[in-house]
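Here the structure comes first, spelled out in structure tokens, and everything after it is commentary.
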Amino acid sequence: MNVHKFVLPEIIFGNHTISQIGDCCLRLGASNVFIVSDEGILEAGWLDKVVESCEEAGLKYTTFTEITINPKDYEVEKGREVYLESQCDAVIGVGGGSTIDAAKAIALLSTNEGHIRDYEGVDKIKHPLPPQIMVPTTAGSGSEVSPFSIILNTEERKKMTIISKSLIPDIAIVDPETLVTKSTHLTVSTGIDVLTHGIESYISLAATPLTDVHAKNAISLVGKYLRSSVASQYNKEAKTHMAMASLQAGIAFSNAILGAVHAMSHAVGGRYPILHGDINSILLPHVMEYNLLANPEKFADIAYLLGLKDHNISNMEAGKIAIHLVNELIEDIGAPQKLSELQVDDSEIAEMSYTALHDACMLTNPRDVTVSVIEQLFRKAW
């Protein structure tokens, strides 16, 4: 019998749960918290909600909002300096995947010496981290439940994947109310990221019955609610279901890992300041087409989760329909479909392919890949 490991933090889900941050900090023994966020969250008013909750709980706090898209190594190291100067004892991350990944990396460096690049890879963290509470405001990255932090190495122009159980937050607070302030573009991009998480974790070599349950529900919810979430900023039913889809996809990939889409997306994101979900929307159909041969049965499942009704066809035929349904969804919501749309230079494909091949996410891709295969996939997507 295979041995399965499954990890996740305490999860609090529901409208207005952002107001529980202060009490959660007290439960973890914190008294002086470091709040990591970004300018967009500040403008949307969610940072004020967090600060208000901390003040009501009698906590001291320091805010740090110098985080940008695809968080940079120097932003994280600046955050560590401010954290230590402020003598904080816990970290709160409020925002999208970039902010939460940065918050986790700052927590890492607050108790571990050296540079953030020293921790790229698996289980390189030596000392315990301070308590961490993460509040996602997009649906989204799933970083609030994951053991990953993805940080840009600006010198080498590549995204570093840092993996450790220590990076799993103590508490994840998922408040669907925060999604109503997201732009249409961000709703599209993060929604496709959720779909990619669900699909890649479902077909991952490390998938288990425990991860499959969450991956399948995430895929189904995206198929049913992403269009309506994109159509209306204030459709609270759609926002709630997409928040749940993001959470469940995050639980799935936190334990099953991902695949070639994310490995390739990280390679592109290390060189271009592009939203991660935008890159995924371009790469996902091409990688699905390549991976279909590895597990037609699961690809058929994806088709049925996305709405296919005809059960009188082969798994290969259903799997091809799954790819068509994903393409249809991407087109319906106006997500990018070609790398050339995003001004990605095809002269960098060879280097990006090499980088992608050595990304940790490639290890669990269901079909073997080579640099040549990745180059071909990039060129199809360009």
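The values are calculated or read from the model by the stated rules, or taken from the named source; none is laboratory data. Predicted model only: the values in this text are computed from it and were never measured. In this analysis, Cβ positions are derived from the backbone assuming ideal geometry, glycine residues included, and neighbour counts consider all displayed protein chains.
The residue of the range 88-102 that is surrounded by the fewest Cβ atoms within 10 Å (Cβ to Cβ), among those that are within 9 Å of residue 71 (Cβ to Cβ) and out of contact with any helix residue (DSSP H, G or I) (no Cβ under 6 Å at 6 or more places or on another chain), is 98.
Taking (1) under 14 Å from the mean Cα position of the chain (by Cα); (2) surrounded by 22 or more Cβ atoms within 10 Å (Cβ to Cβ); (3) of a type in the set (A, V, I, L, M, F, W, C) in turn, residue 283 satisfies each apart from (1). Within the range 336-382, restricting attention to residues that are among the aliphatic types (A, V, I, L, M) and in a loop (DSSP other than H, G, I, E, B), the residue that is farthest from residue 164 (Cα to Cα) is 344.
Each row is one residue, and each column tells you yes or no for (1) polar (S, T, N, Q); (2) within 27 Å of residue 180 (Cβ to Cβ); (3) assigned by TED's automatic domain parsing to the domain that holds residue 201.
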residue	(1), (2), (3)
234	no, yes, yes
245	no, yes, yes
260	no, no, yes
270	no, no, yes
302	no, no, yes
312	yes, no, yes
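Looking across the range 343-360, the residues that are in contact with an Asp or Glu (Cβ under 8 Å, 6 or more places away or on another chain) and either surrounded by 16 or more Cβ atoms within 10 Å (Cβ to Cβ) or on the phi > 0 side of the Ramachandran plot (or both) come down to 349, 353. Residues that are under 19 Å from residue 292 (Cβ atoms), hydrophobic (A, V, I, L, M, F, W, C) and either out of contact with any strand residue (DSSP E or B) (no Cβ under 9 Å at 6 or more places or on another chain) or crowded, with 24+ Cβ neighbours inside 10 Å (or both) do not occur anywhere in the range 222-242. With respect to being touching a Phe, Trp or Tyr at 6+ places or on another chain (Cβ under 7 Å), assigned to a helix (DSSP H, G or I) and under 17 Å from residue 197 (Cα atoms), residue 303 falls outside the description. Selection of first residues in the range 204-219 that are in the same structural domain as residue 365 (by TED's automatic domain parsing) and of second residues that are surrounded by 16 or more Cβ atoms within 10 Å (Cβ to Cβ) and aromatic (Phe, Trp, Tyr), restricted to Cβ pairs under 7 Å at least 6 apart or on distinct chains, gives the following pairs, ordered by first then second residue: 212/202; 215/202; 216/202; 219/202.
Among the residues of the range 53-98, the ones that are in a helix (DSSP H, G or I) and over 15 Å from residue 160 (Cα atoms) come to 12 in all. Among the conditions (1) modelled with pLDDT of 95 or more; (2) surrounded by 14 or more Cβ atoms within 10 Å (Cβ to Cβ); (3) not polar (S, T, N, Q), the only one that residue 334 does not satisfy is (2).
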